[in-house]
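Contents: one structure, followed by commentary.
The values are calculated or read from the model by the stated rules, or taken from the named source; none is laboratory data. The structure presented is a predicted model; accordingly, all values stated were derived computationally and were not measured. Please note: Cβ atoms are built from the backbone with ideal geometry, for glycine as well, and neighbour counts cover all protein chains shown. Side chains included, ligands, DNA and RNA excluded: accessible areas come from the protein's heavy atoms. Shrake-Rupley method; radii C 1.70, N 1.55, O 1.52, S 1.80 Å.
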Amino acid sequence: MNEYLVPLTSACTLVTLNYIAMKVRSKMLFDSYEQFLAPLLTGLACIIMMLEPLPEALGLIDLRSLPVFMAGLRYGLPVALLSTVMPIGFSFLSHESQSWFIISQDLLAPALISSLFHNKEYRSGFLDISIRHGLQICAYVFLLRLVIYGFLEGKLTWLYTIDQLFMLAIMSATFIIIIIMVNDENKSWRLQRHMELQANQDSLTKLPNLRSFMPIADNELSKRRISIMMIDLDNFKQYNDQFGHLEGDQLLREVSTVLRYHIHEQDYIARYGGEEFILLSTETDPMTLSLYGKRLCSVVTESFPHKRHYDQSPITVSIGISTAVAPQVNLTQIIYEADQALYASKHSGKNCSTLYEDMPVASHKKNA
């Protein structure tokens, strides 16, 4: 009877290894290297399982297949096959009898079967791994073993079938526990990500907020010259007074969507506060920036043909633009200059953009 406790010990070992791997992953933050580390850790887990052989009566050599199950299910066929490289090498180095047969049955076949249930969202952690898929993988591997045994022996024995059913129960229970552990870890990660997103996102427009904008802009400015655009929705107070705050909030959402869609792909826009937006642009050529600002003014005006102020004037924005004279200058100063240029746009009739460097020198001194 003690021989039936051996697979239980192996299963507990595998669950412990999976727990350690998850904690290492969360602490070391190696997402960018996961393509290489996942096969490495999976291969090591397989080898540890190979060092804990099961009684021959159970018809299984060890539980080396289980780590491969998770690799195929979560990461797909390429990672699952890479995960088999180390245990295959270990199998030959240890002079395992019937190496190719065992490799095909306990490593390569599980890699192929589990990868059939792979979903790319499993890898990202945004979708919980299906327990049903885990049970199906175990069932298919169980049936594969019965078919192979029946083909080689010419018939199936009740003793072998019962032993395989026992191992199916052990493997299924272990795999389900591992899946639940991974899903719980993913839920914690998603909750943390959601909280971080809430802290860095404007709740009304769903744009990044100023808190998240500043470090990104500072980082860009440390490497290159950048430009800052201050964008303000014209006559927003009057619009609020006429149509109410709910309509005003809806207008802000719609304007933010228009701006986000029409800015350059490499640029970054955030809500500055109130009816103001702030844009980080990698463009520094004055002529190009001027055209860029005019285009944004035009697309906002053209996007709201049916929305009008009390005096039937269209929805417009005014823009102020400032460019850093060199990398690593003070970001606050650039924002201040863009704000002064925005003030000039407002006094020029609104619905236009102004470059800080095009403002009169007297205005610079006056606003300094």
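State the extension gain, in nm to one decimal, for the chain segment bounded by TRP189 and ILE176, taking 0.36 nm per residue of separation less the distance between their alpha-carbons. Don't skip to the end; give the middle numbers.
Values: separation 13, 0.36 × 13 = 4.68 nm, distance 1.98 nm.
My answer for the length gained is 2.7 nm.
With the other protein chains left in place, how much accessible area per residue, in square angstrom, belongs to segment 255-308 at a 1.4 angstrom probe? Walk me through the intermediate numbers first.
Details: 2670 Å² over 54 residues.
That works out to 49 Å² per residue.
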Stretched out fully, how many nm does the piece from ILE162 to HIS262 gain, at 0.36 nm a residue minus the Cα gap? 29.5 nm
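Roughly to the nearest percent, how much of the accessible area of the chain is carbon and sulfur, given a 1.4 Å probe? Write down the numbers at each step before the final one.
Working: 11720 of 19150 Å².
Within the chain, the accessible surface is 61 percent carbon and sulfur.
In debye, nearest 20: dipole of segment 133-222 around its Cα centre with unit charges on the Cβ of K, R (+) and D, E (-)?
On the way: 7 positive and 8 negative charges, 52 e Å.
My answer is approximately 240 debye.
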What angle do you read, to the nearest 10 degrees and between 0 and 90, between the alpha-carbon axis of helix 131-153 and the longest principal axis of the chain? 30
How big is the gap, in Å, between the Cα center of segment 205-225 and the Cα center of segment 278-344? 16
Expressed per residue, the solvent accessible area of segment 51-134 in Å² (1.4 Å probe) is about 44
Looking only at PHE151, PHE90, PHE277, which one moves most when the chain is put into a Gaussian network model with springs between Cα atoms under 10 Å? PHE151
List nothing, just return the count: lysine pairs in the chain, 8 or more apart or interchain, with Cα separation under 19 Å. 11
Match the structure shown to one of the listed values (1) 20.4, 61; (2) 31.2, 99; (3) 25.8, 82 of Rg and Dmax of the Cα atoms in Å, computed from it, and give that label. (2)
Helix 34-50 sits at what angle to the longest principal axis of the chain, using alpha carbons and giving 0 to 90 degrees rounded to 10? 20
Between the Cα axis of helix 286-303 and the main Cα principal axis of the chain, the angle (0 to 90°, nearest 10) is 80
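Between THR288 and VAL329, what FRET efficiency follows from the Cβ-Cβ distance if R0 is 22 Å, with the result rounded to 0.05? The partial results should precede the final answer.
Working: r = 20 Å, r/R0 = 0.92.
In this case the efficiency is close to 0.60.
Could you tell me the relative contact order of the chain? Use alpha-carbon pairs under 8 Å, at least six residues apart, and round to a whole percent. Display every interim value, and only then the final one.
Values: 492 pairs, mean separation 47.4, N = 368.
RCO, the chain: 13 percent.
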Modelled label-to-label distance, ASP218 and TYR19, 7 Å Cα→beta-carbon offset: nm? 4.0
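To the nearest 20 debye, what charge dipole does the chain have about its Cα centre, counting +1 at the Cβ of each Lys and Arg and -1 at the Cβ of each Asp and Glu? Before the final figure, lay out the partial values.
Values: 30 positive and 36 negative charges, 50 e Å.
Magnitude of the dipole: close to 240 debye.
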Label-to-label distance, nm, for residues given as GLU52 and HIS95 (7 Å Cα→Cβ offset): 2.7
